[in-house]
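Step one of this worksheet: look at the structure below.
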Amino acid sequence: MPEPADRAREWTLEQTTKSLFFHQKLHEWGLVEVAQAVEAFDGSQVRWELTELRISERAWNRVIHSGIAPVRVFAHPEVLQQIPRSVGYYRMLAMVSQKSMKRVKLDTEPYELGKSLPDAATAHLLARHLNDIICRVVETEATSPIRARELDLWRAMAADSQAQGAWQNAKGSEYELVVRQLLAAQLAARKLLEAQDASSLKLLGGSVIYFGADPDIRLEKDGKWLSVIEVKGGIDSAGAHERLGASIKTLRDCKAREPECITILLLRKGTLTEGVKERIERSQQDITHWFTIEDLLDDERMREEFVEAFIAHAPLE
């Protein structure tokens, strides 16, 4: 049975990982950028037909008299059609979930992914529905006048709920996200990070880090795999040897593809039984380096060693 100090450390790592996961979702969903775009939109250039848009006069007047631009509070079809992902801004302001929107036959997820914009009819339906809910909140708000900071908190409450759902569905990939953030921060500090998107980091010298599966992370240049990482975040002892075996097989396949490829295994301290350690020792031909995720988060020297090992074969000029 783990000692109390060990259990506390596991929970601390869980907290850290969850915080980093939520922070990543903030950027992945573009919440800051969308809010800035909405706030910069000149709402005086569109017509506000209150009845048609389901905006009550009481809610409208409360917002106006609070000195807040109506576009920051009420959804307008033209805003939904012109600003990618703005549907998510108003959905979160209404503090309703994507799941509940699907249940009322107004699926917002495609528009929140930024891949498309609603057509005029859909934008109109979305604006009316969301405004109906937002007005109820504005009308019953106890504080008078409404404070702009409250709008941020309303959206934050919905974002937290959505991030919690994403966390529960991550199924172990959350630790890959932690490693990704760690790599990005370390490379940026070294001024080696040239660009990044949702699935890759581009380094100086033309090499690229890709995030995916089998292996979890790989560094390549012109199609050649330079380094790979397998991340095993679970601590459940049941099936630990099988999961380790699958990781070793992945790293072995990478070596078969590129004999000079650096292979790195990351795992939790809680999985380091004597049997696991022996298995790793027997697999040195497949595993170039291995680290625990706890050490990477706790020890700056270990982080530096990990990053140096990963980019050792990368041309960085």
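Computed values, structure above
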{"quantity": "Pair list, Cβ under 6 Å, 6 or more apart: region 257-277 residue farther than 16 Å from ILE229 by Cβ, other residue of a type outside the set (A, V, I, L, M, F, W, C) and at pLDDT below 85", "calculated": "LYS269/GLU294"}
{"quantity": "Failed item, numbered, when ARG47 is tested on (1) charged (D, E, K, R); (2) touching a residue at least 12 places away in the same chain (Cβ under 8 Å); (3) open to solvent by 30 Å² or more (accessible area, probe 1.4 Å)", "calculated": "(2)"}
{"quantity": "Residue count for region 96-105, restricted to those that are of a type outside the set (S, T, N, Q), within 24 Å of the chain's Cα centre (by Cα) and surrounded by fewer than 18 Cβ atoms within 10 Å (Cβ to Cβ)", "calculated": "2"}
{"quantity": "Criterion violated by LYS255 - all others in (1) touching a Cys at 6+ places or on another chain (Cβ under 7 Å); (2) crowded, with 20+ Cβ neighbours inside 10 Å satisfied", "calculated": "(2)"}
{"quantity": "Matching residues, region 85-95, being open to solvent by less than 50 Å² (accessible area, probe 1.4 Å) and either at positive phi or assigned to a helix (DSSP H, G or I) (or both)", "calculated": "SER86, VAL87, GLY88, TYR89, TYR90, ARG91, MET92, LEU93"}
{"quantity": "Among residues of region 63-73, those that are open to solvent by 40 Å² or more (accessible area, probe 1.4 Å) and either among the hydrophobic types (A, V, I, L, M, F, W, C) or more than 17 Å from LEU130 (Cα to Cα) (or both), counted", "calculated": "4"}
{"quantity": "Qualifying residue in region 273-290 (condition: assigned to a strand (DSSP E or B) and either modelled with pLDDT of 90 or more or open to solvent by less than 50 Å² (accessible area, probe 1.4 Å) (or both))", "calculated": "yes"}
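Conditions tested, residue by residue: (1) part of a helix (DSSP H, G or I); (2) at positive phi; (3) hydroxyl-bearing (Ser, Thr, Tyr); (4) open to solvent by 60 Å² or more (accessible area, probe 1.4 Å).
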| position | (1), (2), (3), (4) |
| --- | --- |
| ILE55 | no, no, no, no |
| VAL79 | yes, no, no, no |
| ASP107 | no, no, no, yes |
| LEU125 | yes, no, no, yes |
| GLU139 | yes, no, no, no |
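So that you can scan it fast, the table gives a plain yes or no per residue for (1) part of a loop (DSSP other than H, G, I, E, B); (2) buried (at least 17 other Cβ atoms within 10 Å of the Cβ); (3) aliphatic (A, V, I, L, M); (4) modelled with pLDDT of 90 or more:
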site	(1), (2), (3), (4)
GLN181	no, no, no, no
ALA198	yes, no, yes, no
LYS202	no, no, no, yes
TYR210	no, no, no, yes
ILE229	no, yes, yes, yes
SER237	yes, no, no, no
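The values are calculated or read from the model by the stated rules, or taken from the named source; none is laboratory data. Computed from a prediction, not measured in an experiment: that's the story for all the values here. Don't worry about glycine lacking a Cβ; one is built from the backbone with ideal geometry, like all the others, and counts go over all protein chains shown. The area values use the complete protein model at the heavy-atom level, side chains included, leaving out ligands, DNA and RNA. Shrake-Rupley method; radii C 1.70, N 1.55, O 1.52, S 1.80 Å.
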